[in-house]
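Worksheet for the structure shown next.
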Amino acid sequence: MSTYLLVHGAWHSGQCWERVIPLLTSAGHRVIAPSLTGHGDKAHLLSREVGLDTHVDDIVRLIIEEDLTEVVLVGHSYAGLVISSAANQVPERIARLVYLDAMVPEDGETAADVMPVTQVLIDLAAKSDTGWRVPPLPESPPPSGLFGVTDPADAAWLRTMLSDQSVRCLQQPVRLDNPAVNTIPRTHIHCVVGEPEGIVRRPVPAIQPNGTPAQVWELPTGHDCMITMPAELAELLLKVG
């Protein structure tokens with residue numbers, strides 16, 4: 001049995017994994033999909049002080065309090081930053097990092113470093129009434145849709161779980177200064193349909209930090225593949241668990 005810890009991306013909540021969780025648990029695995037501070041059942045905790053470090057603490061605290069080991073740590077989108085810094089703190093508890101259509105940072109980088117278009121969101125937040133709130137990205141015509149979701153019913157469901165993000169999440173740097181984090185195997189899953197204009201994915205190096213060949217899979221769907229292709233995503237996750 002593996003323990004899958006599924007970490008949602010910016011603006012989302014743990015609810016976004018609802019279609020994937022039963023597929024993993026029915027295969028005999030433990031699955032935890034928390035909402036990060038400021039989202040989902042913790043939306044009332046959103047403030048300008050909430051940042052990347054807050055979300056890293058959320059995950060590290062959960063791992064320690066639940067005494068989780070051999071964790072398959074999955075980070076979607078922005079959460080690529082979260083799982084990287086979390087693994088840096090507790091590498092001995094992580095069996096694999098899965099970057100799900102995610103930002104893949106180097107030590108000291110912010111979201112804007114990994115994906116420069118993010119700076120536009122930071123600038124907009126600075127000019128907003130609050131100076132720190134970043135609203136969810138607007139819906140676009142297909143195939144981009146709402147985070148890659150184009151089915152009207154699915155998009156309506158997705159809207160119920162979206163909330164603002166604190167700009168601090170995009171400004172705080174990732175910490176990858178523990179050499180042990182480089183020994184953790186990595187898997188990269190890319191969603192290759194409806195990629196928004198201006199979003200440029202970094203190439204995955206052929207050799208990963210632990211010296212093994214890169215493991216990169218593709219899903220023919222939009223960004224929120226846990227909503228649009230849950231069975232196919234679960235199948236890939238089961239291969240690494």
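In table form, for the structure just shown:
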| quantity | calculated |
| --- | --- |
| Subset of region 207-241 (residues that are among the hydroxyl-bearing types (Ser, Thr, Tyr) and either part of a strand (DSSP E or B) or surrounded by fewer than 16 Cβ atoms within 10 Å (Cβ to Cβ) (or both)) | Thr212 |
| Breaking point among (1) under 22 Å from Val82 (Cα atoms); (2) free of Cβ contacts under 8 Å to residues at least 60 places away in the same chain; (3) of a type in the set (Asp, Glu), for Asp129 | (1) |
| Region 12-39 residues that are basic (Lys, Arg), paired with ones that are assigned to a loop (DSSP other than H, G, I, E, B) (beta carbon under 9 Å, 6 or more apart) | Arg30/Met1; Arg30/Ser2; Arg30/Leu68 |
| Residue list for region 93-103, filter: among the aliphatic types (A, V, I, L, M) and farther than 15 Å from His223 by Cβ | Ile94, Ala95, Leu97, Val98 |
| Of residues in region 155-167 being open to solvent by 30 Å² or more (accessible area, probe 1.4 Å) and more than 16 Å from the chain's Cα centre (by Cα), the one nearest to Ile122 (Cα to Cα) | Arg159 |
| Residues of region 12-34 satisfying the condition of being of a type in the set (Lys, Arg) and farther than 22 Å from Thr160 by Cα | Arg30 |
| Top-ranked residue of region 137-153 - restricted to ones that are within 19 Å of Ser77 (Cβ to Cβ) and surrounded by fewer than 17 Cβ atoms within 10 Å (Cβ to Cβ), ranked as nearest to the chain's Cα centre (by Cα) | Leu137 |
| Some residue of region 62-74 being over 25 Å from Glu218 (Cα atoms), buried (at least 23 other Cβ atoms within 10 Å of the Cβ) and within 14 Å of the chain's Cα centre (by Cα) | no |
| Every residue from region 95-120 that is among the acidic types (Asp, Glu) and surrounded by 15 or more Cβ atoms within 10 Å (Cβ to Cβ) | Asp101, Glu109, Asp113 |
| Helices (runs of 4 or more DSSP H) (entirely within region 42-148) containing at least 2 residues that are more than 30 Å from Ser2 (Cα to Cα) | 111-114, 118-127 |
| Qualifying position, being within 21 Å of Gln215 (Cα to Cα) and either open to solvent by 20 Å² or more (accessible area, probe 1.4 Å) or touching a Pro at 6+ places or on another chain (Cβ under 6 Å) (or both), among Ser85, Ser47, Ser77 | Ser77 |
| Selected residue (criterion: surrounded by the most Cβ atoms within 10 Å (Cβ to Cβ)) from residues of region 173-202 that are among the hydrophobic types (A, V, I, L, M, F, W, C) and assigned to a helix (DSSP H, G or I) | Val181 |
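The values are calculated or read from the model by the stated rules, or taken from the named source; none is laboratory data. Owing to the predicted nature of the structure, the values given are computational and were not obtained by experimental measurement. As a convention, Cβ positions derive from the backbone with ideal geometry for all residues, glycine included, and neighbour counts pool all protein chains shown. When the accessible area is computed, the model is the full protein with side chains, heavy atoms only, and any ligands, DNA or RNA have been set aside. Shrake-Rupley method; radii C 1.70, N 1.55, O 1.52, S 1.80 Å.
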